[in-house]
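Inspection log for the structure reproduced underneath, given as structure tokens.
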Amino acid sequence: MTRSLLITGGAGFIAGNLVHHWAAAHPADRLVVLDALTYAGNRATIAPLIDSGRVAFVHGSITDGPLVTALLADHGITHVAHLAAESHVDRSISGPGAFLDTNIHGTFVLLEAFRTHWTAAGSPDHWRFLHVSTDEVFGSLEPHDPAFHEGTPYAPRSPYAASKAASDHLARAWQHTYGLPVLVSNCSNNYGPYHFPEKLIPLTLINILLGRPIPVYGDGQNVRDWLFVEDHCRALDRILEAGTPGGTYCIGGCNEVANLDLVHQLCDLMDELAPELPVRPSRGLIRFVADRPGHDRRYAIDASLLQRELGWQPQVTVAEGLRRTVAWYLAHPDWWRPLLSDTYAAYLDSQYAQRLNP
Ligand code: NAD
Ligand code: TDX
């Protein structure tokens with residue numbers, strides 16, 4: 001059956017990769033992207049697909065009820081992959097308002113509009129709404145704690161995590177109360193192409209290319225479970241195709257790495273693969289800076305349910321994924337250079353200055 005899939009936030013990192021994945025994997029499906037093009041949205045990420053007519057692009061906010069309602073009807077949407085969000089933890093600490101607005105209110109607007117649209121169509125069984133969320137809703141793990149799983153109680157600790165937790169609860173409530181065919185996924189840290197250079201991996205790579213300091217928060221021993229973004233996209237595809245409505249799926253890479261080890265790996269890869277660097281060896285750029293307030297110590301995901309029920313497992317090891325990511329940033333300065341505006345440079349400088357002189 002042909003789907004008409006709306007991907008929210010499709011000019012962002014993960015959803016942009018999902019748009020590319022879906023266009024290649026499901027050529028018969030209609031694809032529509034709704035994106036507000038905030039600082040984190042970049043039309044260039046999916047421009048070839050928009051310009052060729054493969055993707056219909058709507059510029060607007062998920063908080064705009066009339067716009068969302070009209071879009072669902074005009075494009076005959078049957079499936080939604082909801083990824084639009086404010087996504088950066090540091091920004092949620094300095095300015096939480098936008099996180100509550102987009103992540104909580106925006107998700108509510110989208111759920112309500114989709115419910116009305118689905119009801120008007122006679123509540124078809126095969127329609128789906130996939131709400132994409134994060135492992136940060138579960139809080140922080142101690143070194144020997146077992147990994148997060150679908151039954152782990154929620155304990156969000158940053159404004160970002162709290163806003164995502166609230167949106168997860170809304171999504172599940174709309175399924176439970178109205179029978180809307182909603183699925184929720186909670187994923188660990190992603191990395192790969194088209195990642196906005198405020199997040200640790202692309203920030204490190206670009207700072208190395210520019211000869212700028214690499215800020216490592218605290219003691220650098222915080223642990224994240226890294227997943228190559230294409231593996232995440234394959235998981236979202238399986239969940240939309242074969243997941244049980246009302247179900248929750250944890251997605252993770254089984255790749256726990258401490259931040260300092262990760263930065264060392266990135267430095268070494270850049271030393272090996274970049275033809276010219278302002279500072280070599282790159283490890284010389286590492287600076288320990290003040291910690292993130294409330295910094296979660298460790299995340300790890302047990303993705304065995306997804307493996308058992310839907311046959312998904314990650315295909316890309318962290319060694320291979322990091323090498324591919326470094327190669328991608330080296331080959332695509334046309335994508336990341338335009339992002340280094342004065343405003344962005346000022347933001348990075350202020351973050352760095354605050355942390356050096358807290
Ligand atoms: P991102 O910041 O790279 O992209 C977010 C996109 O959403 C941007 O294109 C932005 O323009 C758009 N957007 C923001 N506010 C909007 C609004 N009001 N209306 C419409 N569009 C809006 O984010 P990302 O890192 O790709 O994350 C995507 C989703 O996946 C988020 O829901 C995030 O919580 C979740 N997630 C991310 C990770 C990760 O490691 N990055 C891990 C797990 C889950
Ligand atoms: O300059 C930095 N130095 C540093 O040490 C930055 C930006 C980060 N860090 C640390 C903080 C974290 O322990 O690196 C780790 C990764 O930081 P981020 O890239 O900001 O990611 P994180 O806070 O873990 O959140 C990410 O993964 C889960 C995404 O941004 C979220 O959207 C997702 O839900």
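Odds and ends about this structure:
- Segment 208-358, accessible surface, carbon-and-sulfur percent (1.4 angstrom probe): 51 percent
- Probe 1.4 Å, accessible area per residue of segment 256-342, Å²: 51 Å²
- For the chain, DSSP calls about 10 percent of its internal beta bridges antiparallel.
- Listed peptides 7-16, 170-179, 71-80, 154-163 by packing density, highest first (mean Cβ within 10 Å): 7-16, 154-163, 71-80, 170-179
- Membrane-span-like helices in the chain, defined here as complete DSSP H runs extending at least 30 Å along the helix axis by their C-alpha atoms with mean Kyte-Doolittle hydropathy no lower than 1.0, are absent; this is a sequence and geometry rule, not a statement about a membrane.
- Debye intensity ratio in log₁₀ form over the Cα atoms of segment 1-89, taken at each q of 0.16 Å⁻¹: -0.56
- When the square roots of the Cα gyration tensor eigenvalues are ordered a ≥ b ≥ c, the ratio a/c for segment 217-277 is 1.5 or more and a/b does not exceed b/c, which makes its shape oblate.
- For the chain, the relative contact order is 17 percent, taking Cα pairs closer than 8 Å that sit 6 or more residues apart in sequence and dividing their mean separation by the residue count.
- P(r) of the chain over all Cα-Cα pairs, binned every 10 Å from zero, in whole percent: 5, 25, 36, 24, 9, 1, 0
- Restricting the GluC sites (Glu not before Pro) of segment 205-276 to loop positions (DSSP other than H, G, I, E, B) with no more than 11 neighbouring Cβ atoms within 10 Å leaves E276.
The values are calculated or read from the model by the stated rules, or taken from the named source; none is laboratory data. From a predicted model like this one, the values you see are computed outputs, not experimental measurements. Neighbour counts run over all protein chains shown; Cβ positions are idealised from the backbone, glycine included. Side chains included, ligands, DNA and RNA excluded: accessible areas come from the protein's heavy atoms. Shrake-Rupley method; radii C 1.70, N 1.55, O 1.52, S 1.80 Å.
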